[in-house]
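Enquirer: Before anything else, here's the structure in question.
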Amino acid sequence: MKAMPIGRWAHRARGGRVRIAAGCAVAGLLLAGCSAFGGSSASGSAPAGSSITVAAVPGVGDAPLYVAMRQGLFQQHGLTVHLDSYQTMAQVMTALRQGQADVAVGDYADFFYEQQNDKSAPMVVLADGYDAAPNIMDVLVRPDSTITTPQDLAGARIGTAEPQVIPHHVGAPYSIDTVAASSALDNDGVQPSSVKWVPMPATDLVNALRTRQVDAILVTEPQIFQAETQIGARTVLDACSGQTVNLPLDGYFAPKSYAEKHQAALDAFRSVMTRAQADAVQPAPLEAVLIDNAKMKRETASLITIGQYPTALKVTSLQRVADLMSFYGALTRPLVVSHMLLP
């Protein structure tokens with residue numbers, strides 16, 4: 001399962017708007033494999049009186065959800081959606097587990113770990129929310145660093161966002177970021193166990209690199225943009241390349257017990273999200289959400305690199321995530337993603 005070697009990614013110049021158009025993936029994904037409910041998304045309205053509470057951490061990955069709320073798209077399908085925003089994925093997972101939320105969105109690695117470790121509350125995957133594109137998850141170093149290639153990262157201390165759900169074990173991945181980076185390192189001939197992940201709050205990562213607390217940082221947006229503009233950081237590894245190219249990052253989940261009883265309402269929810277994901281290529285509403293809900297500065301929201309917002313769910317792609325997690329020790333045993341779909 002080792003990744004095949006590929007070329008290196010060069011440091012990016014921020015000379016203007018840098019966007020990965022989500023729409024580029026839409027046509028192909030609409031033709032792609034099976035959906036969570038066994039077919040294409042429904043176009044009808046929800047049953048009368050349908051209400052869904054969604055738990056989320058505002059950010060790039062779930063921005064279309066907030067766009068759908070702001071534009072009243074759920075109401076147009078007869079669905080009342082209450083959107084509860086949290087600070088961490090641990091809080092989101094707790095809300096879902098305790099019945100305070102019916103649907104949650106976030107990191108696939110966290111949900112897959114939870115699925116394997118809590119058999120009493122099985123979950124189903126409803127929709128794919130956010131997929132990787134080039135340079136949306138990078139390992140960055142200071143401009144004066146002697147680290148110039150992925151091979152130079154052997155033995156390095158790499159700062160990463162602290163774990164939210166998966167426990168931190170020395171040398172083992174504990175997030176979608178560290179799983180993807182482990183695969184990319186392997187791809188470039190670097191033993192993932194040779195690097196030391198240094199977990200810390202995501203907001204501290206850029207300063208930790210600036211003050212030499214770490215040799216490198218593994219970050220997503222907006223930290224990539226901040227590190228490049230504030231300290232001239234440069235990219236030495238694209239974590240979403242090789243085996244992890246176009247890797248699914250964030251998805252929508254619901255408890256299986258809830259999904260079995262409210263499938264029609266969830267069909268309507270998925271239909272709205274399909275539209276919202278397709279509309280995410282329009283910059284104005286997306287930037288408004290990043291500014292107002294994710295609390296980004298206007299310049300940051302307009303210039304960060306955005307991945308892909310898919311409009312269909314490919315089980316084979318999600319299985320890649322589970323397989324990588326199992327291979328690198330984030331899961332103790334293989335997880336079959338198709339078992340997380342409703343019949």
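The values are calculated or read from the model by the stated rules, or taken from the named source; none is laboratory data. Predicted, not measured: the structure shown is a model, and the values here were computed from it. Positions of Cβ are generated from backbone atoms using ideal geometry, with glycine treated the same way; all protein chains shown enter the neighbour counts. Just so you know, the surface numbers come from the protein's heavy atoms only, side chains and all, with ligands and any DNA or RNA stripped out. Shrake-Rupley method; radii C 1.70, N 1.55, O 1.52, S 1.80 Å.
Enquirer: Which of the following residues is out of contact with any strand residue (DSSP E or B) (no Cβ under 8 Å at 6 or more places or on another chain) and modelled with pLDDT under 95: Asp279, Asp292? Steps first, answer last, please.
Expert: Details: Asp292 fails: modelled with pLDDT under 95.
On inspection, the qualifying residue turns out to be Asp279.
Enquirer: Scanning for something in contact (Cβ under 8 Å) with a residue 40 or more places away in the chain, closer than 30 Å to Ile52 by Cα and among the hydrophobic types (A, V, I, L, M, F, W, C), does the range 236-247 turn up at least one residue?
Expert: Taking the range 236-247 and keeping what is in contact (Cβ under 8 Å) with a residue 40 or more places away in the chain, we get 236-247.
With the extra rule that they be closer than 30 Å to Ile52 by Cα, the set shrinks to 246-247.
Filter once more, keeping what is among the hydrophobic types (A, V, I, L, M, F, W, C): 247.
Looking through the range 236-247, at least one residue is in contact (Cβ under 8 Å) with a residue 40 or more places away in the chain, closer than 30 Å to Ile52 by Cα and among the hydrophobic types (A, V, I, L, M, F, W, C).
Enquirer: Looking for something in contact with a Pro (Cβ under 8 Å, 6 or more places away or on another chain), in a helix (DSSP H, G or I), open to solvent by 20 Å² or more (accessible area, probe 1.4 Å) and under 20 Å from Ala154 (Cα atoms) - is there at least one such residue anywhere in the range 228-235? Write out each step before concluding.
Expert: Of the residues in the range 228-235, the ones in contact with a Pro (Cβ under 8 Å, 6 or more places away or on another chain) are 231-234.
Those left that are additionally in a helix (DSSP H, G or I): 231.
Adding the requirement that they be open to solvent by 20 Å² or more (accessible area, probe 1.4 Å) leaves 231.
Still in the list and also under 20 Å from Ala154 (Cα atoms): none.
The answer is no, given that none of the residues of the range 228-235 is in contact with a Pro (Cβ under 8 Å, 6 or more places away or on another chain), in a helix (DSSP H, G or I), open to solvent by 20 Å² or more (accessible area, probe 1.4 Å) and under 20 Å from Ala154 (Cα atoms).
Enquirer: Still on this structure, please answer the following. Within the range 190-218, which residues are touching a Ser or Thr at 6+ places or on another chain (Cβ under 8 Å) and part of a strand (DSSP E or B)? I'd like the intermediate steps shown before the answer.
Expert: Residues of the range 190-218 that are touching a Ser or Thr at 6+ places or on another chain (Cβ under 8 Å), as a first pass: 192, 197-200, 205, 215-218.
Residues satisfying the conditions are Trp197, Val198, Pro199, Met200, Ala216, Ile217, Leu218.
Enquirer: So which residues in the range 153-169 are open to solvent by 20 Å² or more (accessible area, probe 1.4 Å) and either among the basic types (Lys, Arg) or touching a Phe, Trp or Tyr at 6+ places or on another chain (Cβ under 8 Å) (or both)?
Expert: Arg157, Pro163, Val165, Pro167, His168 - these are the residues of the range 153-169 that are open to solvent by 20 Å² or more (accessible area, probe 1.4 Å) and either among the basic types (Lys, Arg) or touching a Phe, Trp or Tyr at 6+ places or on another chain (Cβ under 8 Å) (or both).
For (1) more than 17 Å from the chain's Cα centre (by Cα); (2) farther than 22 Å from Leu65 by Cβ, each residue gets a yes or a no:
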| site | (1), (2) |
| --- | --- |
| Val272 | yes, no |
| Val281 | yes, no |
| Leu286 | no, no |
| Thr300 | yes, no |
| Leu318 | no, no |
| Val321 | no, no |
| Thr332 | yes, yes |
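Enquirer: Let me ask something additional. Check whether at least one residue in the range 244-260 is part of a helix (DSSP H, G or I) and either in contact with a Phe, Trp or Tyr (Cβ under 7 Å, 6 or more places away or on another chain) or basic (Lys, Arg) (or both), and report yes or no. Break it down stepwise before answering.
Expert: Going through the range 244-260, the residues part of a helix (DSSP H, G or I) turn out to be 244, 256-260.
Going one step further and asking which of them are either in contact with a Phe, Trp or Tyr (Cβ under 7 Å, 6 or more places away or on another chain) or basic (Lys, Arg) (or both), we end up with 256.
Yes.
Enquirer: Which residue pairs have Cβ atoms closer than 6 Å, lie 6 or more positions apart in sequence or on different chains, and pair a first residue in the range 76-95 that is part of a strand (DSSP E or B) with a second residue that is open to solvent by 30 Å² or more (accessible area, probe 1.4 Å)?
Expert: Close Cβ pairs satisfying both conditions: Thr80/Ser51; Leu83/Met69; Ser85/Pro58.
Enquirer: Regarding Ser175, is this residue open to solvent by 10 Å² or more (accessible area, probe 1.4 Å) and under 15 Å from the mean Cα position of the chain (by Cα)? Working first, answer last.
Expert: Numbers: open to solvent by 10 Å² or more (accessible area, probe 1.4 Å): yes; under 15 Å from the mean Cα position of the chain (by Cα): yes.
Yes; evaluated as a whole, the condition is true for this residue.
Results for (1) closer than 30 Å to Ser145 by Cβ; (2) part of a helix (DSSP H, G or I); (3) of a type in the set (Gly, Ala, Ser); (4) open to solvent by 30 Å² or more (accessible area, probe 1.4 Å), shown as yes or no for each residue.
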| residue | (1), (2), (3), (4) |
| --- | --- |
| Phe225 | yes, yes, no, no |
| Ala268 | no, yes, yes, no |
| Glu299 | yes, yes, no, yes |
| Ser326 | no, yes, yes, yes |
| Ser338 | no, yes, yes, yes |
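Enquirer: Here's something else I'd like to know. So, in the range 242-261, of the ones that are more than 15 Å from the chain's Cα centre (by Cα) and crowded, with 23+ Cβ neighbours inside 10 Å, which residue ends up farthest from Tyr130 (Cα to Cα)?
Expert: Ranking the candidates gives Ala259 first.
Enquirer: Please indicate, with yes or no, whether at least one residue in the range 213-234 is closer than 18 Å to Leu65 by Cβ, hydroxyl-bearing (Ser, Thr, Tyr) and either modelled with pLDDT of 95 or more or under 20 Å from the mean Cα position of the chain (by Cα) (or both).
Expert: Yes - at least one qualifying residue is present in the range 213-234.
Enquirer: Which of the residues that make up the range 48-69 are exposed (fewer than 15 other Cβ atoms within 10 Å of the Cβ) and farther than 14 Å from Arg270 by Cα?
Expert: Here is the first cut: in the range 48-69, the residues exposed (fewer than 15 other Cβ atoms within 10 Å of the Cβ) are 48-49, 51.
If the condition is that a residue be exposed (fewer than 15 other Cβ atoms within 10 Å of the Cβ) and farther than 14 Å from Arg270 by Cα, then Ala48, Gly49 are the ones that fit.
Enquirer: For the range 184-207, does any single residue satisfy the condition of being more than 21 Å from the chain's Cα centre (by Cα), more than 17 Å from Val236 (Cα to Cα) and modelled with pLDDT of 95 or more?
Expert: Within the range 184-207, one or more residues are more than 21 Å from the chain's Cα centre (by Cα), more than 17 Å from Val236 (Cα to Cα) and modelled with pLDDT of 95 or more.
Enquirer: Among Thr332, Thr305, Thr274, which is the only one that is in a loop (DSSP other than H, G, I, E, B) and crowded, with 18+ Cβ neighbours inside 10 Å?
Expert: Numbers: Thr332 fails: crowded, with 18+ Cβ neighbours inside 10 Å; Thr274 fails: in a loop (DSSP other than H, G, I, E, B).
That would be Thr305, the only listed residue that is in a loop (DSSP other than H, G, I, E, B) and crowded, with 18+ Cβ neighbours inside 10 Å.
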